[in-house]
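Report on the structure given below.
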Amino acid sequence: METSIVPPTDNQRPPKSWLLESILVTLFCCLPFGIVGIVNASKVESHFYAGDIEAANRASAEAGKWTKIGFWIGISVGILYGILMVAGIGFSLFNFGSHHY
């Protein structure tokens, strides 16, 4: 597949890089997906200013995809952890499964 290299015009801005979001997802949610997001986010502006607008848009889309996946996995794991903690505390308070001697 051949990509067209077109220099950006003066009023054209690079696509969203997702760099900040990727860093936050890496730190607080899901390390592996956040790193993939950072790698793709770091490519956005370099492709854009090299004139490869299509590659910049693809890198932006990939960075956004992996950042969102990492975010939702991190949120899901956090919610699951919270549910299991509440269930564990509940079981310990009501002594479910304990033996009475």
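The values are calculated or read from the model by the stated rules, or taken from the named source; none is laboratory data. Just so it is clear, the model here is predicted, and its values are computed rather than measured. We place every Cβ from the backbone using ideal geometry, glycine too, and count neighbours over all the protein chains shown. Surface areas here come from the heavy atoms of the whole protein model, side chains and all, with no ligands, DNA or RNA. Shrake-Rupley method; radii C 1.70, N 1.55, O 1.52, S 1.80 Å.
Annotations for the structure displayed:
- Whole-number accessible area per residue in Å² for region 22-101, which is evaluated in the context of all protein chains at 1.4 Å: 67
- Springs between Cα atoms under 10 Å define the GNM used for the chain, and in it the highest mean-square fluctuation of A56, A87, A41 occurs at A87.
- Using a cutoff of 8 angstrom between alpha carbon atoms and counting only pairs six or more residues apart, the relative contact order for the chain works out to 30 percent.
- Build a GNM of the chain with springs between Cα atoms under 10 Å apart, and of I83, I53, I69 the one that fluctuates most is I83.
- Environment charge at G34 (Cβ cut-off 14 Å; Lys +1, Arg +1, Asp -1, Glu -1): 0
- Computed Kirkwood radius, in angstrom, where 1/r is averaged over Cα pairs of the chain: 16.0
- Choice from L31, L20, L84 showing the highest fluctuation, given a GNM over the chain with Cα pairs closer than 10 Å: L84
- Approximate spin-label separation N95-W72, in nm, with each point projected 7 Å along Cα-to-Cβ: 4.5
- Carbon and sulfur %, accessible surface of the chain computed with the full protein complex present, 1.4 Å: 69
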